[in-house]
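Okay, so here's the structure we're looking at.
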Amino acid sequence: MFHHVKDLQFNARVSRPDPRFANLLLEQFGGENGELAAAMQYFTQAFGAKMPHPDKYDMLMDIATEEFSHLEIVGATIQMLLKGVNGELKDAADQSEIMQVMNGKAAKESIIHQALTANPQFGIITGGGVTPRNSQGIPWCASYIHSNGDLTVDLRSNLASESRAKLVYEHLMKFTDDPYVHDTLSFLMTREVAHYKMFEAALIDIQPNFPPGVLAADPRFTQQAFNMSNGTTVRGPWNEGEMPNMGKEWEYVADPIAYVKETQGITTTTDAYAKELKQTGKLDKEMSKIKSDEVISSEPEGVAQWSTYAEEK
């Protein structure tokens, strides 16, 4: 149950109109890495997590709800940056400074011209309102959402989403010298970092969490690092030494063409993998049962009910 509180989580303020930056900020309203995309992604992922991971469901819903509050902050900031284009707005800071910018017909026409130049849709389609579109006027799209039904995969997607959003805010801060707007963007950027760490902790809390899904990786094809380019060979921890957290060594294939020919398209391997293959098959069965029991044990008997309502004493 959502309950809207009219006060913002962070007090968004602006010192003067800036239609051009308002258009840039639309990227975090209806863009691919914006707040609406994040809110809908976590909100969608939460449904699949409800039964097997009720604690992670609670976390996803909390963060999704906070992302909706950030969407409100971004929308409010855009509206205030368009002051003079679509009328008086509540809670715009430093009214005297705004009136100096807006003093006179020529100044007002200049502000409106800037808004139309930045994004004609402000005046033609939205009338100066904020709609779920990015800075190019492209409507928000559900394909921005990554929800795969496996919580470990979803959490890794979320780490990437928070990283991209953080970077967008960082770039946006370069295009405004308004101290109030800068403070708002700094708050929003920092919350991306906080969410990143929450998702990271949740992923670590799920064990085992690698590889994603149920089936284990085939040991015959896990260790090879193929040299797929000509020129100077570059070696690093991604193709030499121990594989991270695997207890195995990388097998560097310097000549992939010869390797593929020798192994008949990597279909013939040594007997050294026989024991590992047997263990992998056993692990697949164990993981299948664990995952199945996890879901079945969390489902209520009888009539399915999403919520329980405790009676007041």
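The values are calculated or read from the model by the stated rules, or taken from the named source; none is laboratory data. Being a predicted model, the structure only gives us computed values, none of them experimental. Ideal geometry is used to build each Cβ from the backbone, glycine not excepted, and the neighbour counts take in all protein chains shown. Side chains included, ligands, DNA and RNA excluded: accessible areas come from the protein's heavy atoms. Shrake-Rupley method; radii C 1.70, N 1.55, O 1.52, S 1.80 Å.
Table for the structure above
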read-out	value
Selected residue (only one of Asp271, Asp218 is in contact (Cβ under 8 Å) with a residue 60 or more places away in the chain and more than 30 Å from Ala64 (Cβ to Cβ))	Asp218
Hey, Ala304 open to solvent by less than 70 Å² (accessible area, probe 1.4 Å) and either farther than 23 Å from Phe210 by Cβ or modelled with pLDDT under 90 (or both) or not	no
Positions within the range 260-289 being closer than 30 Å to Ile206 by Cβ and open to solvent by less than 60 Å² (accessible area, probe 1.4 Å), in sequence order	Tyr273, Glu276, Thr280, Gly281, Asp284, Met287, Ser288
Which listed residue is outside any loop (DSSP other than H, G, I, E, B), in contact with an Asp or Glu (Cβ under 8 Å, 6 or more places away or on another chain) and polar (S, T, N, Q), from Gln9, Gln28	Gln28
Leading residue by the ranking (farthest from the chain's Cα centre (by Cα)) among those in the range 182-199 that are under 14 Å from Phe21 (Cβ atoms) and open to solvent by less than 10 Å² (accessible area, probe 1.4 Å)	Thr184
Which numbered condition Ile257 misses (of (1) at pLDDT 90 or above; (2) loosely packed, with under 13 Cβ neighbours inside 10 Å; (3) within 23 Å of Leu159 (Cα to Cα))	(3)
Selection within the range 16-47 - farther than 13 Å from Ser161 by Cα, touching a Leu at 6+ places or on another chain (Cβ under 7 Å) and open to solvent by 10 Å² or more (accessible area, probe 1.4 Å)	Pro17, Asp18, Leu24, Phe29
From Ser292, Ser297, residue being at negative phi, open to solvent by 70 Å² or more (accessible area, probe 1.4 Å), not β-branched (Val, Ile, Thr) and not in a loop (DSSP other than H, G, I, E, B)	Ser297
Matching helices (runs of 4 or more DSSP H) fully within the range 66-155 where at least 1 residues are over 30 Å from Gln207 (Cα atoms) and modelled with pLDDT of 60 or more	105-118, 121-124
Every pair of residues 6+ apart whose Cβ atoms lie under 8 Å, when the first sits in the range 202-214 and is open to solvent by less than 30 Å² (accessible area, probe 1.4 Å) while the second is of a type in the set (D, E, K, R)	Ala202/Lys56; Leu203/Arg156; Ile206/Lys56; Gly213/Asp150
